[in-house]
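The values are calculated or read from the model by the stated rules, or taken from the named source; none is laboratory data. Just so it is clear, the structure is predicted and the values come from calculations on it, not from any experiment. Glycine gets a Cβ as well: all are built from the backbone with ideal geometry, and neighbour counts include every protein chain shown. Heavy atoms of the whole protein, side chains included, go into the accessibility calculation; ligands, DNA and RNA do not. Shrake-Rupley method; radii C 1.70, N 1.55, O 1.52, S 1.80 Å.
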Amino acid sequence: MKNISPLNRILLEGKYGNFENKKDNQIIKIKEIKNFYIYQIVKFKTSKKNNNDLKIDNLNFPDVLKVNSNSDTRILWMAPSNWLVISIKNFNSEFNQNFPNNEFAVTDISHSRSIIELEGENVKEVIKKGSPFNIEEMKQNSCCNTIYNGITITMDNLEYETNKIRLLSLRSFGESLYHSITDSCLEFGFRSD
């Protein structure tokens, strides 16, 4: 089965909006992140395992609103005893071994999400246009669930210095989120890769 990108029909490479006479680092970079495995892990209340003992790809599961990561994998805290694992690696065999069905619910949601990555000095201004979340308080390797122009999203702050943020939404809202984000970027100019 071939994996079809949620934004394959609308994401066009090029520069748009108010990009003229601006340096490359002043233009917002937008790209779709694809070919990742995304798993939701929920620990049951009856589980005997301690959260501090949970590991994937040599990463501990993070605390409230935090993210633990390495070059291949990011683990996002979603709610108490609920995490999102985003990776280029397939962990199905590891989940079957270390996360028993009577203690955890592990769901592969790779096909049901759209991921848009934003990078640039004005990314926070773009987020402010559509989300009530106070983006100024969001630090590197932290995450939150919020809305952007009525679309439920998960924000993952990858790099604080370069303002690199990933927005995850349901696949069915991917195009609407992309259009909403790019409309907000026109004022600053943006480049799609």
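Some notes on this structure:
- Using a cut-off of 22 Å between Cα atoms, the listed pairs Lys31/Lys89; Lys48/Lys89; Lys29/Lys89; Lys23/Lys164 include Lys48/Lys89; Lys29/Lys89 as exceeding that distance.
- Area of Ser131 that stays accessible when all protein chains are in place (1.4 Å probe, Å², to 10): 10 Å²
- Identified option (computed Rg and Dmax of the Cα atoms in Å; candidates (i) 19.3, 69; (ii) 15.5, 44; (iii) 17.4, 60): (iii)
- In the context of the full set of protein chains, the chain has a per residue accessible area of 54 Å² (1.4 Å probe).
- Modelled spin-label separation between Lys89 and Tyr160, with each label point placed 7 Å from Cα along the Cα-to-Cβ direction: 2.7 nm.
- Full-stretch length increase - Ala79, Ser47 - with 0.36 nm per residue and alpha-carbon distance subtracted: 9.9 nm
- Segment Lys55-Ser112, length gained on full extension (0.36 nm per residue, minus Cα span): 18.1 nm
- Dipole of the chain computed with +1 at Lys/Arg Cβ and -1 at Asp/Glu Cβ about the Cα centre; of Ile28, Gln40, Ile115, farthest Cα towards the positive end is Gln40.
- Debye, to nearest 20: dipole size of the chain, +1 on Lys, Arg Cβ, -1 on Asp, Glu Cβ: 420 debye
- Among the GluC sites (Glu not before Pro) in region 5-108, those located in a DSSP loop and surrounded by at most 11 other Cβ atoms within 10 Å of their own Cβ are Glu13, Glu20.
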